[in-house]
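These notes concern the structure reproduced below.
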Amino acid sequence: MSSGPTPPGTTTLYRGGHVYGPTEPLATAMVVADDKIAWVGTEDAAAGLADGVGHVVDLGGALVTPAFVDAHVHLSATGMGLRSASLTDVHSLQEALATIEAAARRRAGRPVYAPGWDERDWPEGRAPTANELDRASYGGAVYSPRVDGHSAVISSALAAASGARDHPGWSDNGLVTREAHHAARDSFDAGISQADRRADIDAALSGAAAAGIGLVHECGGPLLSSEADFADVLEAGASGKGPQVIGYWAELVGDEDSARALASRLGARGLAGDLNIDGSIGSRTASLREPYADLDDPAHNGNAYLTVEQVCDHVAACSLAGVQAGFHVIGDAGADTVIAGLQAAAAKVGMARVVAAHHRLEHLEMVDASGVKALAELGVTASVQPAFDAYWGGPDGMYAARLGRERASGMNPFASMIEAGLALALGTDSPVTPFAPWEAISAWVNHHDPAQRVSARTAFVAHTVGGWRAAGVDDRGSLDPGQPASFAIWSAGDTTNLPDLSPGATLPATLRTVIRGRTVFDRLGAS
Ligand SMILES: [Zn+2]
């Protein structure tokens, strides 16, 4: 099956599977006409439709769901990760060269970043040479810094481009230190052209498509990416060749006109995303009410990057302009700041305007019951990452190490949020965690805190419909007739409902992803 735009007038009947609408829970078949869902129903009715359609696809028991929405991603950083051939866990020089060669093939001539080698861990006991990098990369540009970052090996192409040979610290085997190293590093960074960046963005979107994701929310900003990067990301999303993109731009504004002008100039859905109230727990920069537990520093409560007044001004300006505002907030003191700022904005411009503008908060990992209630009243959406709990939650996890078990145990209270009427959208913060929608649902269903677990259906709705609603689109994310044909097909075992998500269960694998009628990932029928 070739991928590409659907020719007009194309109708396809998918039958013999399980179509999870979720409004028609027992459906086994679906008709797609051009870029829309035309019909969803059962096998009996499907038999009568088979003659009238252009194509019939036998699903062979596969599960069909709406395509997922990842509500927090960084696309070019995700693509940058694909450029990286990490040598940190490589056990020999030979394996290092094979890793670089695989990256060079994947990158098709684009520069390869291969950090993290330590010759002391390898039986060969030495670093790669420029000649070896040249062979592994088919003559491409390779920058391979040692684990400590103070020296590197570079390929001949990078040596020539950077002029590293003319600087102190050059050796003829391609090892560079001091000025030669800096010249090579600067040249490598500068060599990431717009074409490379666009290729990275496309690679990231392909990764999302392969994970059954049909829409991502890009979180860009002046401190995270650039306006040029943001424009490329939005253009890639609009091309129709992969997942759709809605963009958020993290820049503070002080008045209504600036909010409207900035959002419209950049094509941003909101002035939101990673507009940082604070940092992260891992790096001890999340803003906390009490000090970090693993430091002997009673004064270290993390970092607070914005004041209540700044939050209030930004939210008031955006509310008046009808633009979504939002912030990255992780710590409990950070949550206090953002809630006080939102409430102050509501006092200034009216609660109705604040609620109508549909503001959102990213992460919101440490918020108490009264904070959740206040945010629900303010009409705020929480854009959360269940994988964070799976990776770092629990009594022996990183959060407990930083905060102590008791404070960590109340983190990521997703079920409490839902019960209080807070709207939720799920995401990965890719590249922080990989594109993996079923893993996110499973992480929530199996939350470390049993009181915060929910049904698979609740988590599924948050990862589909919830992601659209978080961007102010209230009628997307299901497979009802008339909806855009944005869906994924999964091998999900024998199920007539959502798959088994019990701990250790094999999660569904993507067979096909279709976005607005166009197949953007396809393994259906491949053995
Ligand atoms: Zn982020």
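Taken together, the values in this text are just the output of simple stated rules run on the coordinates, not laboratory data. All values reported here derive from a predicted model rather than from experimental measurement. Neighbour counts are summed over all protein chains in view; Cβ atoms, including those assigned to glycine, are modelled from backbone coordinates with ideal geometry.
List of remarks:
- For the stretch 437-484, dividing the convex hull volume of the Cα atoms by the residue count gives 81 Å³ per residue.
- Rounded Å value of the spacing that divides the Cα centres of the stretch 479-522 and the stretch 179-212: 30 Å
- Here the extension length gained between ASP121 and ALA369 equals 84.3 nm, from 0.36 nm per residue of separation less the Cα-Cα distance.
- With one equal scatterer per alpha carbon and no solvent term, the Debye-computed log10 I(q)/I(0) for the chain at 0.05, 0.06, 0.11 1/Å reads -0.23, -0.33, -1.05.
- Beta bridges per DSSP, both residues in the chain: antiparallel share near 45 percent.
- Fewest-first ordering of MET80, MET398, MET411 by other beta carbons within 10 Å of each residue's beta carbon gives MET398, MET80, MET411.
- In terms of Cα atoms, the Rg and Dmax of the stretch 119-242 work out to 18.2, 50 Å.
- Cβ-derived FRET efficiency at R0 45 Å, ASP51 paired with ALA293, nearest 0.05: 0.10
- Size of charge dipole - the chain - debye, nearest 20, with Cβ of Lys, Arg +1 and Asp, Glu -1, no other charges: 840 debye
- Among GLU101, GLU365, the order by Cβ neighbours within 10 angstrom, fewest to most, reads GLU101, GLU365.
- Considering only ALA333, ILE154, MET398, the residue lying farthest towards the positive end of the dipole of the chain is ILE154, judged by Cα position with unit charges set on Cβ.
- Expected-Rg normalisation [2.2 N^0.38 Å, Cα atoms] applied to the stretch 172-300: 1.41
- Normalised by the number of residues in the stretch 1-147, the average gap of Cα pairs under 8 Å and 6 or more apart makes the relative contact order 18 percent.
- Here the stretch 283-428 yields Rg over Rh of 0.98, to two decimals, using C-alpha coordinates and the Kirkwood radius.
- Remark: spin-label model distance TYR391-ASP186 equals 3.3 nm, labels positioned 7 Å along the Cα→Cβ axis.
- At R0 = 45 Å, FRET efficiency that the Cβ-Cβ distance of MET398 and ASP166 yields, to 0.05: 0.50
- Neighbour counts of other Cβ atoms within 10 Å put VAL520, VAL445 in the fewest-to-most order VAL445, VAL520.
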